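The values are calculated or read from the model by the stated rules, or taken from the named source; none is laboratory data. Being a predicted model, the structure only gives us computed values, none of them experimental. We place every Cβ from the backbone using ideal geometry, glycine too, and count neighbours over all the protein chains shown. Ligands, DNA and RNA are stripped out before the accessible areas are found, and what is left, the full protein with its side chains, is counted by its heavy atoms. Shrake-Rupley method; radii C 1.70, N 1.55, O 1.52, S 1.80 Å.
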Amino acid sequence: MAKITLDNLAHSYLPNPASEDDYALKELNHDWDDGAAYALLGSSGCGKSTLLNIISGLLQPSQGRILFDGRDVTHAPTAARNIAQVFQFPVVYDTMTVRDNLAFPLRNRGRDEAYIAERVQEIARMIGMEEMLNKKARGLTADAKQKISLGRGMVRKDVNALLFDEPLTVIDPHMKWELRTQLKKLHHDFGHTMIYVTHDQTEALTFADKVVVMYDGRVVQIGTPEELFERPEHTFVGYFIGSPGMNVIPARIDGNKAYVNGSYVELSQSYRPLSGKVEIGVRPEYARLSQTDGLPVKVRRVEDVGRHKIIRAEFFGNDINIIADEGEQISADMNRVSFDAGHVNVYANDWRVQGEAA
Amino acid sequence: MEKTVNQKAWFLVLPVLLLVAFSAVIPLMTVVNYSVQDTFGNNQFFWAGLDWFREMLSSDRMWNALGRQLAFSGIILAIEVPLGIFVALNMPKSGFWASLCLVLMSLPLLIPWNVVGTIWQIFGRVDIGLLGYTLHAMGISYNYTQDTLAAWITIVTMDVWHWTSLVALLAYAGLKSIPDAYYQAAKIDQASRWKVFRFIELPKMMGVLMIAILLRFMDSFMIYTEPFVVTGGGPGNATTLLSIDLVKMALGQFDLGPAAAFSIMYFLVILLISWVFYTVMTNLDRKGA
Ligand SMILES: Nc1ncnc2c1ncn2[C@@H]1O[C@H](COP(=O)(O)OP(=O)(O)OP(=O)(O)O)[C@@H](O)[C@H]1O
Ligand SMILES: [Mg+2]
């Protein structure tokens with residue numbers, strides 16, 4: 001178990017990267033706290049696997065250092081780092097039985113057979129494969145193989161960190177929930193540093209103490225699920241977290257007012273003049289439809305999704321979403337929208353701008 | 001969906017059928033015909049039943065040739081398969097050098113058999129051949145026309161030189177199909193180089209290796225031109241492999257009857273060994289599943 005420090009880290013798959021665009025992972029400084037559970041969230045191709053492979057030593061970064069508890073391991077081989085990693089695609093040793101697959105990492109480290117047998121049994125119970133221990137791994141279903149991969153990742157107790165690269169993608173929803181619970185329990189019992197890559201925000205938000213959101217090779221925000229929800233630091237975080245995502249509307253800011261097409265929205269803070277692409281972001285949860293308050297809006301469609309209603313509307317030429325309580329009556333003459341001033345964020349060139357007390 | 005029945009489709013198969021008949025079935029039948037008849041010349045034949053088969057089975061000549069043949073195929077397989085795998089494992093995975101290796105390794109495969117034979121025949125000569133002359137100058141006695149061991153070493157080396165590339169190329173194709181994630185997982189699991197080979201590379205290569213072994217076995221079991229050009233079956237009968245012996249019998253001595261019986265048994269042996277090999281390998285494969 002260790003604190004993992006990334007110092008000025010960056011990586012490009014090209015031999016001679018010229019511009020920033022050539023980097024799959026842009027310069028990054030970050031401490032992964034010892035014993036914390038992180039979810040790494042981001043869309044496809046944003047560099048999540050690249051980051052994990054650098055931490056585990058499968059990939060040498062083109063720049064920067066990696067420290068485990070202050071010790072420089074940038075050039076240390078994978079074996080010396082003592083890290084467990086589960087890959088995006090299931091990897092099993094076809095000719096071995098399920099039992100030998102699970103025992104493999106322990107045998108390679110020369111643990112004694114009694115310990116191995118006990119540990120394999122425990123893991124088999126966790127992944128629900130006790131019945132299949134003597135089967136050959138070849139010919140098992142994709143989700144069984146994925147469970148074996150996962151089990152091999154969890155079998156060692158003394159690892160510095162556990163890295164999971166979307167380990168549950170091919171597993172059916174019920175089993176997914178079950179395994180996620182097991183992983184949380186594992187984390188609780190042993191306190192490993194865990195990094196869990198996923199596309200799926202619910203998975204990220206339920207699993208992790210802290211969520212790391214990546215976008216285009218860059219870490220755009222690290223925070224608790226609440227922070228990501230309330231104060232997305234980047235418009236991408238606003239879009240990506242929440243369902244539906246944050247409404248982003250082009251605006252002109254003047255002090256504590258945001259002008260949209262001549263009308264204005266009140267802000268809770270005051271801002272200096274901003275240049276570049278200026279937008280306001282407000283979550284559908286903090287927008288309210290009514291007959292009298294706020295600015296005109298054209299309602300297109302109301303969707304009832306059970307817990308609440310989602311109103312799809314047009315606001316000065318921009319598509320916006322508004323969330324209303326399930327019990328709320330939406331009538332045809334409700335054609336105004338108001339925003340909760342405390343929850344309107346201001347963005348310049350996609351990054352959030354901090355205001356001053358008005 | 002209802003299948004339409006149309007017997008006319010048979011006509012489409014007819015050309016192939018005719019071709020196979022002329023190229024394989026009819027010649028085979030003439031061989032069968034010879035194998036059950038005897039002649040005293042003058043193109044007069046009479047029925048001999050299975051006499052030729054009986055005679056061949058009790059003659060040392062065929063058994064000795066078969067023994068030499070099995071030894072030859074066994075030796076070249078035992079060298080070419082491990083060597084081919086070793087070469088494949090050490091080839092560059094991509095880029096210019098990989099392409100260069102592929103081209104260089106394909107070269108021996110493109111040379112006609114009799115040319116290969118001639119190359120080695122000259123290469124090994126003590127008077128003018130680079131290899132023979134050098135060995136001789138170093139004081140090593142090497143003369144493939146007189147020494148049995150030297151003759152065997154020469155034809156085995158020649159076959160290894162000619163065909164190891166085939167095994168290596170097939171094994172290389174098998175290796176290239178292994179996704180990176182397997183190697184990465186092995187690193188995480190701290191598997192040794194040997195275990196990576198044993199549990200990842202070998203299982204993934206098994207399919208192509210089986211094909212390589214079958215091809216090399218059948219081909220080496222029928223080998224004729226190369227050793228014939230180099231040693232002519234000598235010294236004595238030391239390198240007289242099955243097909244060389246067969247040609248000697250059929251064309252040298254014109255013993256058509258025994259030669260025909262010999263060919264048929266030869267054919268059956270190849271068929272049998274290939275079938276046994278294939279069945280064993282596929283069964284091993286299935287048992288794993
Ligand atoms: N071996 C490689 N060689 C060259 N480019 C690569 C390589 N692996 C990844 N890339 C590129 O680097 C970028 C980041 O890839 P990475 O695999 O880290 O993304 P990811 O976030 O894991 O995506 P996904 O969610 O699809 O797994 C992508 O643009 C990808 O095309
Ligand atoms: Mg990935």
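Please verify whether the range B:140-158 includes one or more residues that are open to solvent by less than 10 Å² (accessible area, probe 1.4 Å), away from every other protein chain (no Cβ under 14 Å) and acidic (Asp, Glu).
No.
Would you list the strands (runs of 3 or more DSSP E) that sit entirely within the range A:131-223 and hold 2 or more residues that are open to solvent by 20 Å² or more (accessible area, probe 1.4 Å)? Please lay out each step first, then the result.
Numbers: elements: A:161-165, A:193-198, A:210-215, A:218-223.
Filter on the range A:131-223 gives A:210-215, A:218-223.
Please tell me if A:THR50 is within 16 Å of ligand 2 (Cβ to nearest atom), at negative phi and not hydrophobic (A, V, I, L, M, F, W, C). Full working, then the answer.
Working: within 16 Å of ligand 2 (Cβ to nearest atom): yes; at negative phi: yes; not hydrophobic (A, V, I, L, M, F, W, C): yes.
Yes.
Tally up the residues in the range B:168-192 that are of a type in the set (Asp, Glu) and at the interface with another protein chain (Cβ under 8 Å from one of its Cβ atoms), please.
Residues flagged as of a type in the set (Asp, Glu) and at the interface with another protein chain (Cβ under 8 Å from one of its Cβ atoms) within the range B:168-192 amount to 1.
Pick from the range A:234-270 the residues that are more than 31 Å from the chain's Cα centre (by Cα) and outside any strand (DSSP E or B): which of them is modelled with the lowest pLDDT?
A:GLY262
Assess whether A:SER43 counts as being open to solvent by 60 Å² or more (accessible area, probe 1.4 Å) and of a type in the set (Gly, Ala, Ser).
Against the criterion (open to solvent by 60 Å² or more (accessible area, probe 1.4 Å) and of a type in the set (Gly, Ala, Ser)), A:SER43 does not qualify.
Return yes or no: is A:LEU67 surrounded by 17 or more Cβ atoms within 10 Å (Cβ to Cβ) and in contact (Cβ under 8 Å) with a residue 24 or more places away in the chain?
no
Keeping to the range A:45-90, report how many residues are of a type in the set (Phe, Trp, Tyr), more than 9 Å from chain B (Cβ to nearest Cβ) and within 13 Å of ligand 1 (Cβ to nearest atom).
Number satisfying all stated conditions: 0.
For the range B:228-252, which positions are in a helix (DSSP H, G or I) and among the small types (Gly, Ala, Ser)?
B:SER243, B:ALA250, B:GLY252
Considering only the range A:80-116, state which residues are assigned to a helix (DSSP H, G or I), touching a residue at least 12 places away in the same chain (Cβ under 8 Å) and open to solvent by 40 Å² or more (accessible area, probe 1.4 Å). Don't jump to the end; show me each part of the working.
Narrowing the range A:80-116 to residues assigned to a helix (DSSP H, G or I): A:80-81, A:98-108, A:113-116.
Applying the additional criterion that residues be touching a residue at least 12 places away in the same chain (Cβ under 8 Å) yields A:80-81, A:98-99, A:101-106, A:116.
Once the filter is applied, which keeps residues that are assigned to a helix (DSSP H, G or I), touching a residue at least 12 places away in the same chain (Cβ under 8 Å) and open to solvent by 40 Å² or more (accessible area, probe 1.4 Å), the range A:80-116 yields A:ALA80, A:ARG99.
Of all residues in the range A:182-208, which are within 16 Å of ligand 2 (Cβ to nearest atom) and hydroxyl-bearing (Ser, Thr, Tyr)?
Taking the range A:182-208 as the starting set, the residues that turn out to be within 16 Å of ligand 2 (Cβ to nearest atom) are A:195-200, A:203-204.
Result: A:TYR196, A:THR198.
Going by the structure shown, is B:TRP47 over 24 Å from the mean Cα position of the chain (by Cα) and more than 30 Å from B:MET205 (Cα to Cα)? Give the derivation first.
Working: over 24 Å from the mean Cα position of the chain (by Cα): yes; more than 30 Å from B:MET205 (Cα to Cα): yes.
The answer is yes for B:TRP47.
Of all residues in the range A:161-176 being within 14 Å of chain B (Cβ to nearest Cβ) and more than 16 Å from ligand 1 (Cβ to nearest atom), which is farthest from A:GLN85 (Cα to Cα)?
Filtering first and then ranking leaves A:ALA161.
Pick from the range A:117-130 the residues that are open to solvent by less than 10 Å² (accessible area, probe 1.4 Å) and within 29 Å of the chain's Cα centre (by Cα): which of them is nearest to the other protein chains (Cβ to nearest Cβ)?
Once the filter is applied, the top-ranked residue is A:ILE123.
Of everything in the range A:31-47 that's under 22 Å from A:LYS184 (Cα atoms) and of a type in the set (Gly, Ala, Ser), which residue is farthest from ligand 2 (Cβ to nearest atom)? Steps first, please.
The initial filter retains those residues of the range A:31-47 that are under 22 Å from A:LYS184 (Cα atoms), namely A:31-42.
Now narrow it down to the ones that are of a type in the set (Gly, Ala, Ser): A:35-37, A:39, A:42.
Details: A:GLY35: 25, A:ALA36: 21, A:ALA37: 19, A:ALA39: 14, A:GLY42: 9 Å.
It comes out as A:GLY35.
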